[in-house]
Amino acid sequence: MADKDFDMPEQSGGWPANRPPDNLTDWSRFEESDREAGFVFTDDFERFSQHDDIFNRAWWDQAVMSDDVIAFYNAQIRPKPRRGEGFSQWDFSLVNASWSVARDYAMRGRKDGVREGFLDHFRTFVPKAETQADLPSPEETAARVKKVAKFFGADLVGITEFDERWVYTHSADAATKTRDEKDNLLPEGMTSVIVMGHGMDRDLVESYPSALAASATGREYSREAAIVSSLAGFIEGLGYRAYGSSNDTGITIPHVVKAGLGEYGRNQMVITKEFGPRVRFSKVYTDMPLAHDRPKKYGIHQYCMECTKCADACPPKALPKGPPEAGGPNRSTIKGVVKWSADCEKCFKFWTKMRVDCAICMRVCSYNKDYTKWYNRLLFRLMGSRLRKLMIWADRKWLTRDRVAPNTWWKSA
Ligand code: B12
Ligand code: SF4
Ligand code: SF4
């Protein structure tokens, strides 16, 4: 089949008719980069409020809250090890320790109802420099910022234009744990988003689902907290505003795609050429003048149009098997964006029953390979080419790996 058969649906008559609201800048400035990135909107587009994501809905929506949800959150403090391999006291101890730094950041503002990294941006405690440093060209400044981000520990860095469509209309309120929303504290005037990728431990991801595997996620949240705060502090030291963010403040994935770090896949993740989907992202919003990267295409979207491996492997069948569509199965999906959307109620229910997060859809993804190996880089290129059908067949026949038993990781000590 020719490439054009896999194209995204046509954009519906330019800009969503109900946008932009009076108080926001003209979104038509994104028209060209949206086309380049393959973003398609429908007229019912609405910005998303964080209190509608599934983690926050659990606090106010009885359709989500359950004894399993409570047990899931309790397991992070008082885990109940069980018999199955990967769920022993060693495994729970490792995952809960891996979250230590992220948890400390999240807890330090508890008195003030602040939960840095999850509901609120990372605070910096040294005041922003009063004078702005002389900057070289935006290209040179961007190159220096990227170098600093890597120095602090980021594996990938890209920079894109600030786009308010992805900023949460409201933040969820950690203090009340109710349906309450609070103001999103991101001020007006941001111009760029620096997105950083943090590669996850491949061996641990191979043993998802297990408490042991979840340590790969926890470790990156802890690293993100340190890297993001450091980069924000650096920019403020040069006299510009910088708001470091992990999961808080806004939706991350569209920025990552626009910054050229990868393409969006059926498994709801950005797939990169360095790590496949096995990577997490953080971001810094800033008003520092920086050159922007452009979206890059690797044929991943077309491959996902033909492949359903992640959807087939998802135990609660939370992932879609068809083409991208606007909207989703419940209020936790943003409205008016044509994309693959998961049924996160099903996904989260599965997590809470297991008492730890899942990432089977990351592990089984055909792009989850070790790209330090030349032959995997070659496979990446072939998968994005017209040979994709052959590659999907070859992947099913020869390249699919089973879950690695969690104890293998301990035995390799
Ligand atoms: C809430 C959340 C979840 C929730 C629920 C999502 C929901 N709808 O409520 C659940 C529990 C399902 C979840 C699960 C996972 N998550 Co999650 N999640 C988030 C979080 C914190 C917020 C996203 C959000 O606001 N969703 C609500 C609305 C917007 O959801 P939605 O309409 O379905 O949109 C989703 C996608 O379609 C995409 N998206 C949204 N708008 C647009 C627009 C365009 C144009 C495109 C292309 C995509 C896109 O992003 C949304 C991700 O949920 C983000 C971090 C962040 N701030 O973005 C991480 C994040 C998306 N999760 C991530 C990961 C890795 C996972 C897991 C693998 C868990 C794990 N162990 O790490 C699974 C994968 C499950 C799956 N296949 O969906 C990573 C993705 C990294 C990557 N490579 O892209 C992120 C970015 C966190 C991070 N720090 O890196 N997650
Ligand atoms: S994280 Fe697990 S339950 Fe959720 S979509 Fe992925 S495979 Fe399914
Ligand atoms: S498993 Fe297949 S369909 Fe799913 S994200 Fe990976 S390549 Fe795309």
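Okay, residues lined up against (1) within 14 Å of ligand 2 (Cβ to nearest atom); (2) touching a Leu at 6+ places or on another chain (Cβ under 9 Å); (3) on the phi < 0 side of the Ramachandran plot:
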{"residue": "CYS344", "(1), (2), (3)": "yes, no, yes"}
{"residue": "CYS347", "(1), (2), (3)": "yes, yes, yes"}
{"residue": "ASP357", "(1), (2), (3)": "yes, no, yes"}
{"residue": "LYS369", "(1), (2), (3)": "no, yes, yes"}
{"residue": "THR372", "(1), (2), (3)": "no, no, yes"}
{"residue": "ARG377", "(1), (2), (3)": "no, no, yes"}
{"residue": "ARG381", "(1), (2), (3)": "no, no, yes"}
TODO: Show the residue pairs that are 6+ apart or on different chains and have beta-carbon atoms under 6 Å apart, the first residue being within the stretch 317-335 and within 24 Å of ALA359 (Cβ to Cβ) and in contact (Cβ under 8 Å) with a residue 60 or more places away in the chain, the second being among the polar types (S, T, N, Q) and within 16 Å of ligand 3 (Cβ to nearest atom).
DONE: none
Open item on the list: Residue pairs, Cβ under 6 Å, 6 or more apart or interchain, first in the stretch 84-108 and in contact (Cβ under 8 Å) with a residue 24 or more places away in the chain and farther than 18 Å from TYR73 by Cβ, second in a helix (DSSP H, G or I) and of a type outside the set (D, E, K, R). List them.
Closed with: GLU85/ASN407; LEU94/SER215; VAL101/SER222; VAL101/ALA225
Open item on the list: Being modelled with pLDDT of 95 or more, in contact with a helix residue (DSSP H, G or I) (Cβ under 8 Å, 6 or more places away or on another chain) and over 28 Å from GLY233 (Cα atoms) is true for just one of PHE87, PHE122, PHE39. Which residue is that?
Closed with: PHE39
Open item on the list: Go through (1) surrounded by 14 or more Cβ atoms within 10 Å (Cβ to Cβ); (2) among the small types (Gly, Ala, Ser); (3) more than 17 Å from GLY199 (Cα to Cα) for ALA413 and report which single condition fails.
Closed with: (1)
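On the given criteria, is PHE72 in a loop (DSSP other than H, G, I, E, B), in contact with a Phe, Trp or Tyr (Cβ under 9 Å, 6 or more places away or on another chain) and surrounded by 18 or more Cβ atoms within 10 Å (Cβ to Cβ)? Break it down stepwise before answering.
Values: in a loop (DSSP other than H, G, I, E, B): no; in contact with a Phe, Trp or Tyr (Cβ under 9 Å, 6 or more places away or on another chain): yes; surrounded by 18 or more Cβ atoms within 10 Å (Cβ to Cβ): yes.
Against the criterion (in a loop (DSSP other than H, G, I, E, B), in contact with a Phe, Trp or Tyr (Cβ under 9 Å, 6 or more places away or on another chain) and surrounded by 18 or more Cβ atoms within 10 Å (Cβ to Cβ)), PHE72 does not qualify.
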TODO: Starting from residues that are surrounded by fewer than 19 Cβ atoms within 10 Å (Cβ to Cβ) and more than 15 Å from ligand 2 (Cβ to nearest atom), keep the ones in the stretch 303-329 and report whichever is modelled with the lowest pLDDT.
DONE: GLY327
Task: Pick from the stretch 330-382, criterion near ligand 1 (Cβ under 6 Å from one of its atoms) and polar (S, T, N, Q), ranking: surrounded by the fewest Cβ atoms within 10 Å (Cβ to Cβ) - done: THR333
Open item on the list: Cβ contacts < 7 Å: first residue closer than 11 Å to PRO320 by Cα and in contact (Cβ under 8 Å) with a residue 40 or more places away in the chain, restricted to the stretch 265-277; second residue among the aromatic types (Phe, Trp, Tyr) and part of a loop (DSSP other than H, G, I, E, B), any location; separation 6+ or different chain. Result?
Closed with: ARG266/TRP340; GLN268/TRP340
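Residues checked against (1) more than 18 Å from the chain's Cα centre (by Cα); (2) touching a residue at least 24 places away in the same chain (Cβ under 8 Å); (3) assigned to a loop (DSSP other than H, G, I, E, B); (4) within 10 Å of ligand 3 (Cβ to nearest atom):
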residue: TYR303; (1), (2), (3), (4): yes, yes, no, yes
residue: ALA342; (1), (2), (3), (4): no, yes, yes, no
residue: MET362; (1), (2), (3), (4): no, yes, no, yes
residue: TYR371; (1), (2), (3), (4): yes, yes, yes, no
residue: PHE380; (1), (2), (3), (4): yes, yes, no, no
residue: SER385; (1), (2), (3), (4): yes, yes, yes, no
residue: LYS389; (1), (2), (3), (4): yes, yes, no, no
residue: LYS397; (1), (2), (3), (4): yes, no, no, no
residue: VAL404; (1), (2), (3), (4): yes, yes, yes, no
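The values are calculated or read from the model by the stated rules, or taken from the named source; none is laboratory data. Being a predicted model, the structure only gives us computed values, none of them experimental. When we count neighbours, we look across all protein chains shown, and the Cβ atoms used for this are built from the backbone with ideal geometry, even at glycine.
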